[in-house]
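S.K.: Structure in structure tokens, see below.
The values are calculated or read from the model by the stated rules, or taken from the named source; none is laboratory data. Since this is a predicted model, take the numbers as computed values, not measurements. Here the Cβ positions follow ideal geometry from the backbone for every residue, glycine too, while neighbour counts run over all protein chains shown.
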Amino acid sequence: MDIFQSLKTSASALQAQQIRLNTISSNLANIETTRTPEGGPYKRKAVVFKTTTDASFEKQLDHSLKGAVQGVEVSEIVTDNSPPKTLYDPSHPDADANGYVAVPDIDLLEEMADLMSATRSYEANVTVIKSAKRMALKALEIGK
């Protein structure tokens, strides 16, 4: 694998992890949102990744012969359709006739663990890019 391929792979991972971080941040920011424009409480969102592929036959054959690494991209952002949690709070403006409020079913610990995982993945890809840059500079120094 050449240096440019590793840069492309890491750059695609950085973009994907940035979207993942933004999605997790949105979940955390709306952890207590009981009313949305769509109606009802906020629904948790999650990012789905897929590998990037070049559709041409020549590229696919070349990848399979060389064992080349592919990149990653966001396939979609899915909305969790699990039912919301209900809390008893008759004084809340969004309480129903029985005094229950529907709140998002978002686990703070799970979101924080996902946030740390995405941050570590982002940092790892930044390290790969920095290493590739150093290798390219060292290779140029050899030619002097």
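S.K.: Determine, yes or no, whether Ala118 is under 30 Å from Arg35 (Cα atoms), aliphatic (A, V, I, L, M) and over 33 Å from the mean Cα position of the chain (by Cα). I'd like the intermediate steps shown before the answer.
M.R.: On the way: under 30 Å from Arg35 (Cα atoms): yes; aliphatic (A, V, I, L, M): yes; over 33 Å from the mean Cα position of the chain (by Cα): no.
Criteria not met by Ala118.
S.K.: Of the residues that sit in the stretch 47-72 and are touching a helix residue (DSSP H, G or I) at 6+ places or on another chain (Cβ under 7 Å) and at pLDDT 90 or above, which one is surrounded by the fewest Cβ atoms within 10 Å (Cβ to Cβ)?
M.R.: Phe49
S.K.: Still on this model: When you check Asn81 against the structure, is it within 24 Å of Thr23 (Cβ to Cβ), at pLDDT below 95, part of a loop (DSSP other than H, G, I, E, B) and among the polar types (S, T, N, Q), yes or no?
M.R.: Against the criterion (within 24 Å of Thr23 (Cβ to Cβ), at pLDDT below 95, part of a loop (DSSP other than H, G, I, E, B) and among the polar types (S, T, N, Q)), Asn81 qualifies.
S.K.: If you check Met135 against the conditions, is it at pLDDT 95 or above and either of a type in the set (D, E, K, R) or part of a helix (DSSP H, G or I) (or both)?
M.R.: no
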